[in-house]
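Visitor: To start, I am sharing the structure in question, which I have written as structure tokens.
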Amino acid sequence: DNVKRQHMGNLQHNKTIVVSSPGTSLAVCGSTNFSWRGFFVQSNNAVVLTGTKAIKPFLAAFENYWTNAKTFRTTPSATWKSLGLTGISAKVAFSPHNAENALLATVAADVAKTKSTLLFSLAFLYQTPGIMRDTLIKATSNNSLFVYGISDKRVGGFDLLQTDGNVAPVFPSALVKKNTPQPFKAEPAGGGGNRMHHKFIVVDFDKPSARVYLGSYNFSNPADNSNGENLLLIRDRRIAVSYMIEAIRIFDHYRFRVLQLDAGTAVTQLALKKPPAIGEKAWWASSYENKRKIRDREIFS
């Protein structure tokens, strides 16, 4: 009587735990499956929220899932609800939505308003065509923006690299068997499924308007209209910068893997580069010559 199995319109894809007791008010949400792979193999993110105001929307969503699974999309939980955090603009909405309260188009429209920087880490982007992928492709081809992206597999439409533009999303290649230096050689790979499981988008982390979208939500039509999901929008520069750092960390991590698959760029050990000899072009010269690398250096310096 205390357990129900639900698949909503498609999947009950939420990853949330809510604790409400006299001594504890806490909610955990995000992309992380509460499993061994979710914690030790996959790239994931989770947010821990505390306080009675912050967990209120999660308690309401649980009740609406429990009692109104077939009509959940018409409940208030399917619309944005403030988390009531002091000094931080943050809200949450739960899927599935209906045509009146669907979020995907409005999220894509907001991402399309990017003024400076756009960083994203989106699992399953390769198999989720639609307005969000179209928006990201357009942003990537906009040389006035700085864009870094990662997905779990190579994504069609992002394959063109521009020396003066943005970098196409990298992807976690299969574990590189040959000539793989530590710590890459020791990466856990147990079980099956994706290793890159993040779902977040960081918009203009370097501006006062910085914001980040995150959750279990895959920014796809099924995530919007069929699955049970959680999606947060946090407008706070400190938190956006935290997600920017994670985006850069995994981008660099997996870009190294992709380069290792190319015999022309593969290396057998990680080591600091030596200073250039007299008359030798410095290895860092391209950071002052290549337009994209110049922007990279200036934004993150």
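Visitor: Enumerate the calculated ³J(HN,Hα) couplings along region 24-32 in order (Karplus 6.51 cos²θ - 1.76 cosθ + 1.60, θ = phi - 60°), each rounded to whole Hz, writing x wherever the residue is Gly or Pro.
Guide: 9, 10, 8, 9, 10, 8, x, 9, 6
Visitor: Moving to a separate point now. Can you give me the long-range amide H partners of Met196? Hydrogens built in the peptide plane at 1.01 Å from N, cutoff under 5 Å, separation of 5 or more residues or another chain.
Guide: Ser43
Visitor: Which percent of Cα-Cα pairs in region 1-95 sits in each 5 Å bin, short to long?
Guide: Bin by bin from 0 Å, the calculated values are 3, 12, 20, 23, 21, 15, 6, 1, 0.
Visitor: Of all accessible surface on the chain at a 1.4 Å probe, what whole percent is carbon and sulfur?
Guide: 55 percent
Visitor: Using 0.36 nm per residue, how much length does the chain from Asn10 to Ser116 gain when fully extended, once their Cα-Cα distance is taken away?
Guide: Answer, rounded to one decimal: 34.5 nm.
Visitor: Another one. Given points 7 Å out from each Cα along the Cα-Cβ axis, report the Trp284 to Asn221 separation in nanometres with one decimal.
Guide: In this crude spin-label approximation the distance works out to 4.9 nm.
Visitor: Is the shape of region 50-95 rounded, prolate or oblate, going by the alpha carbon gyration tensor and its root eigenvalues a ≥ b ≥ c, with a/c under 1.5 for rounded and a/b larger than b/c for prolate?
Guide: Note, shape of region 50-95 comes out oblate.
Visitor: For Lys70 and Asp1, what is the calculated FRET efficiency with R₀ set at 22 Å and r taken between the beta-carbons, to the nearest 0.05?
Guide: Once rounded, the FRET efficiency stands at 0.70.
Visitor: How much FRET efficiency would the formula 1/(1 + (r/R0)^6) give for Lys273 and Phe34, where r is the Cβ-Cβ distance and R0 is 45 Å, rounded to 0.05?
Guide: That gives a FRET efficiency of 0.60.
Visitor: In nm, give the distance between the simple-model label positions of Ser141 and Phe300, each being 7 Å from the Cα along the Cα-to-Cβ direction.
Guide: 2.6 nm
Visitor: Quick one: which residues, 5 or more positions from Phe124 or on another chain, have an amide H under 5 Å from its amide H? H modelled 1.01 Å from N in the peptide plane, none for Pro or chain starts.
Guide: Amide H neighbours of Phe124, under 5 Å, 5+ apart: Asp152, Lys153.
Visitor: For Ile88 and Leu259 in one chain, what is 0.36 nm times their gap in residues minus the Cα-Cα distance, to one decimal in nm?
Guide: 57.6 nm
Visitor: Measure off 7 Å from each Cα along the Cα-to-Cβ vector at Lys207 and Lys293, then give the distance between these two points in nanometres to one decimal.
Guide: Between Lys207 and Lys293, the simple spin-label model gives 2.8 nm.
Visitor: Any chance you could count the Lys pairs in region 12-115 whose alpha carbons are under 19 Å apart, treating pairs 8 or more apart or on different chains as valid?
Guide: Lysine pairs meeting both conditions in region 12-115 amount to 8.
Visitor: Oh, and also: Out of the DSSP beta bridges found with both residues in region 9-147, what percent are antiparallel (nearest 5)?
Guide: Expressed as a percentage, antiparallel bridges in region 9-147 total about 85.
Visitor: Based on the alpha-carbon gyration tensor of region 71-127 and its eigenvalue square roots a ≥ b ≥ c, which shape applies: rounded if a/c is under 1.5, prolate if not and a/b is larger than b/c, or oblate?
Guide: It is oblate, given that a/c is not under 1.5 and a/b is not larger than b/c.
Visitor: Out of [x] 1.19; [y] 1.00; [z] 1.08, which label holds the value of Cα Rg over 2.2 N^0.38 Å that was computed here?
Guide: So the structure-derived entry is [z].
Visitor: Tally Lys/Arg at +1 and Asp/Glu at -1 over every other residue whose Cβ is under 12 Å from the Cβ of Ala223; what's the total?
Guide: So the environment of Ala223 carries a net charge of -1.
The values are calculated or read from the model by the stated rules, or taken from the named source; none is laboratory data. Small disclaimer: the values here were computed from a predicted structure and weren't measured. Reconstructed Cβ throughout: ideal geometry from the backbone, glycine too, with neighbour counts over all protein chains shown. We work out accessible area using only protein heavy atoms, side chains counted, and drop any ligands, DNA or RNA first. Shrake-Rupley method; radii C 1.70, N 1.55, O 1.52, S 1.80 Å.
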